[in-house]
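K.L.:
First the structure, then my questions, so here it is.
Quick note: the coordinates plus some simple rules give every number you see, no bench work behind them. Keep in mind that this is a model prediction, so the values were computed, not measured. Neighbour counts are summed over all protein chains in view; Cβ atoms, including those assigned to glycine, are modelled from backbone coordinates with ideal geometry.
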Amino acid sequence: MNQESTAQAGQGRPPAGKRAVLGLVLPIFFRYRRRLALGLVALIAVDFLQLIIPHLLKIGVDGLADGTATTNHLLAIGGLILLIAFFVAILRFAWRYLIVGFSRLLERHLRNRIFSHILTLDRHFFERRTTGDIMAHASNDLLAVQMACGMGLVAAVDALVMSCAAIGFMVHIHLRLTLLALLPMPLLALCTRLLSARLHQRFNIVQEQFSLLTEFVRTTLVSIRLVKAYTMENLQKRDFEKLGRSYVHSNIRVATIQGLLFPVAGLVGNMGMLLVLYFGGRLVIAGRISLGDFVAFITYLYMLVWPMMAIGWVTNLGQRGMTSLGRIHELLSAAPRLQDRLPAKRPAMPVPGFRLRDLDFVYPAATHPALRHVSLDIGPGILGLTGRTGSGKSTLCKLLARLYPVADGCLFFAGSDVNSLSLDAVRSRIGYVGQETVLFSDTVAANIAMGRPGACRAEIEEAARQAAIHHEILQLPKGYETMIGERGVKLSGGQRQRLALARALLCRRPVLIIDDALSALDVETEYAVIVALRQGLRGKTVLIVSQRIKLLSETDEIVIMEQGTVVDRGGHEELFRRNALYRFMYEKQLHEPGVGTNNVTTGQSASSLKQGINV
Ligand code: ATP
Ligand code: MG
């Protein structure tokens, strides 16, 4: 099956059924079943202990009413109530610890699963989903699921047990009075249902607004220097305030519904109370029930108000939890477009070159192809790649580094179609230095050793020397142990580029792709890097994208791209003679400091320069 179609099976599918969504959390419930069972037993015990209290009150009041009560008798009842309260306190602590703790464990499992799944996804996914959206999953949605499985579960069980038991005790006292007291209940159920449906929709909008807000903050922080340089602070502030206003507005719309749910439940509870006071009072006057029964009945009815209100709250939590779990399920169902086709082969070595045959490529979100009919053999040796901006150089590099899917029969690595090879195996043979340097908030050494965490200091230093950055690292406050990034030393653009190059060199992979990653270097440093590279990379396949004639003249061959196709290919002198764009680039750079006629000329100098730097 084609790779594209495998991947597309993961997209545009109908929303997953409830069973599939719940399948995400049920195994976790099962795993912690003992903890949950203990917690629920404690919770139910609390409910029953609390239900004993009205019965004790009834005994006390009846004793007072018929004059049989003594102070000792009353003290004993008071002491018993205190003892019950003591056990209730202990058991309450126990259920909270066990059940809320469970919800945190569940949250951790889901968070880990989301994170490891995101790591498997490819660029196709990240081009469609913003970071803010993904962050919203990792915070808000997880919180909603955690609340539903923690306090939501507690409230649901509590409400169920309390209401069943309270109604049972009430029926025991007087059946007809109980039915009267419960008369307003169906009204409550109806209101809750209607309001919850609304709540569901509005909650979705809140989540969307939150992800917009998060994304806005993230992009602003990432480009803070740009914001300051263009004095865009006020503009950003205004836009942020606008987003914040819509976020608050949608939250208030959620709050209005929530605000209606609770008072409605309270109102219904008090309607029941009115009926009990009237009809129950008449029963007491007629001597059909005792005064103690009447007091106990009212206490049970009060105990019912909370479960009735909890119905609204629990529905609320449950709805939020299900919506969020649905979104998490959708995220976890997203499949990478690039997947190994089984059985995936490992590339045959040791000729790690590429062969491109009529390669076309269109970006997922684009209408025009970025590459058209590219046919090219790459490696072994150093190949230079140049061309106007937007001509498709980076796209070509990304396809070689297997960051996007390609059609069958267009791209071959080490003699095999890349689609038949294992992705990991291909990627682990390629060192890729992208156009944008990415460094982590960590030490210089850790940044270099990222691709080979086990590398020793001598190897790290060797890679840094090859990238001509070793001496500059030694001048940093703590040398290789200096922290860089957000909370550390800031490096220059050229230093960052060479650090990224050192990282790729340390991996010692047979293929090295450098996408315009030496652009920020001055001519002298660039020269030092090339010298080191030529020495260290003999026999390997190297692709260097550059606009610099001086750098290109050091390569074995140069390819020129225009509008997504290869328009010329040849040695430096050859291209100088026949290619207008190349000659134009050369003449433009001729007068730049450090690019003298003795370095890049039409005559023998390019080859003599190569000899001079120890080819
Ligand atoms: P430069 O010298 O400026 O780095 P380039 O030759 O590397 O340019 P590419 O980055 O390969 O150019 O871009 C080739 C074309 O593909 C451009 O028209 C660009 O707008 C488009 N393009 C690049 N990245 C994407 C993307 N992620 N989605 C859609 N279109 C893209
Ligand atoms: Mg580029």
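K.L.:
Per the helix-only calculation at 222 nm, which mean residue ellipticity applies to the chain, given -39500 (n - 2.57) for every DSSP H run of n ≥ 4 and division by its residues, nearest 500 deg cm²/dmol?
P.N.:
-19000 deg cm²/dmol
K.L.:
A follow-up question, please. Would you please name the chymotrypsin sites (Phe, Trp or Tyr not before Pro) within the stretch 197-260 that are DSSP coil residues with at most 12 other C-beta atoms within 10 Å of their C-beta?
P.N.:
Tyr230
K.L.:
Also, quick follow-up: Can you list the residues, at least 5 places off or on another chain, whose amide H is less than 5 Å from the amide H of Ala69, using H built in the peptide plane?
P.N.:
Amide H to amide H, under 5 Å and 5 or more residues apart or across chains, Ala69 pairs with Leu64.
K.L.:
Further question: To the nearest 20 Debye, how big is the dipole of the stretch 17-333 about its Cα centre, given +1 on the beta carbon of each Lys and Arg and -1 on that of each Asp and Glu?
P.N.:
Dipole of the stretch 17-333, to the nearest 20 debye: 880 debye.
K.L.:
Fewest Cβ neighbours within 10 Å first, please rank Arg320, Arg238 accordingly.
P.N.:
Sorted ascending by nearby Cβ count, the order is Arg238, Arg320.
K.L.:
Are there any helices in the chain, counted as whole DSSP H runs, that stretch 27 Å or more along their axis by Cα and score at least 0.0 on average by Kyte-Doolittle, and if so which?
P.N.:
Helices meeting the criterion: 33-66, 71-95, 153-173, 185-222, 233-275, 291-333.
K.L.:
Around Phe203, under 15 Å between beta carbons, what's the net of Lys plus Arg minus Asp minus Glu among the other residues?
P.N.:
+3
K.L.:
Using only alpha carbon pairs under 8 Å that are at least six residues apart, calculate the relative contact order of the chain and give it in whole percent.
P.N.:
Normalised by residue count, the contact order of the chain is 15 percent.
K.L.:
Tally Lys/Arg at +1 and Asp/Glu at -1 over every other residue whose Cβ is under 12 Å from the Cβ of Leu275; what's the total?
P.N.:
Spelling it out: positives minus negatives among the neighbours equals +2.
K.L.:
Which of Lys18/Lys398; Lys393/Lys588; Lys393/Lys540; Lys398/Lys540 have a Cα-Cα distance over 30 Å?
P.N.:
Going by Cα-Cα distance, Lys18/Lys398 fall outside the 30 Å limit.
K.L.:
For the charge dipole of the chain, defined by +1 on Lys and Arg C-beta atoms and -1 on Asp and Glu C-beta atoms about the Cα centroid, which residue among Gly479, Gln339, Gly266 has the Cα displaced farthest towards the positive pole?
P.N.:
In the chain, that residue is Gly266.
K.L.:
So, one more: Which listed residue (Val217, Leu180, His124) has the Cα farthest towards the positive end of the charge dipole for the stretch 17-333, taking +1 on Lys and Arg C-beta and -1 on Asp and Glu C-beta about the Cα centre?
P.N.:
His124
K.L.:
Sorted from fewest to most neighbouring beta carbons within 10 Å, what does the list Phe354, Phe125 look like?
P.N.:
Fewest-to-most ranking of Phe354, Phe125: Phe125, Phe354.
K.L.:
Calculate the dipole size of the stretch 187-346 relative to its Cα centre from +1 charges on Lys and Arg beta carbons and -1 charges on Asp and Glu beta carbons; express the result in debye to the nearest 20.
P.N.:
Charge dipole of the stretch 187-346: 640 debye, to the nearest 20.
K.L.:
I've got another one for you. Whole Å is fine, so just give me how far the alpha carbon centre of the stretch 463-499 lies from that of the stretch 530-564.
P.N.:
Using only Cα atoms to place each centre, the spacing works out to 24 Å.
K.L.:
Treating cross-link reach as a plain straight distance, find the aspartates and glutamates whose alpha-carbon is under 19 Å from the alpha-carbon of Lys550, omitting any fewer than eight places away in the same chain.
P.N.:
Once the sequence-local aspartates and glutamates are set aside, what remains near Lys550 is Asp515, Asp516, Asp522, Glu524, Glu526, Asp568, Glu573, Glu574, Glu587, Glu592.
K.L.:
Hey, another quick one. Fewest Cβ neighbours within 10 Å first, please rank Cys507, Cys397 accordingly.
P.N.:
Cys507, Cys397
K.L.:
Compute, for the chain, the length of the dipole vector about the Cα centre, with Cβ point charges of +1 (Lys, Arg) and -1 (Asp, Glu) only. Units Debye, rounded to 20.
P.N.:
Taking the Cα centre of the chain as origin, the dipole is about 800 debye.
K.L.:
Which of the listed residues, Gln466, Ser492, Ser420, is farthest toward the dipole's positive end in the stretch 418-536, when Lys, Arg count +1 and Asp, Glu count -1 at the beta-carbon?
P.N.:
The Cα lying farthest towards the positive end belongs to Ser420.
K.L.:
Ok, one more. What is the distance, in nm, between label points placed 7 Å from the Cα along the Cα-to-Cβ direction at Ala365 and at Ser116?
P.N.:
About 3.0 nm separates the two model spin labels.
K.L.:
Considering amide H positions built from the backbone, and no H for Pro or chain starts, which residues 5 or more places from Glu562, or on another chain, come under 5 Å of its amide H?
P.N.:
Val567
K.L.:
Would you mind calculating the gained length between Gln563 and Arg218 on full extension (0.36 nm times residue separation, minus the Cα-Cα distance), in nm to one decimal?
P.N.:
120.9 nm
K.L.:
If you don't mind, there's one more thing I want to ask. Using a cut-off of 16 Å between alpha-carbon atoms, which lysines can reach Lys478, once sequence neighbours fewer than 8 places away in the same chain are excluded?
P.N.:
Within the straight-line limit of under 16 Å, Lys478 reaches these lysines: Lys490.
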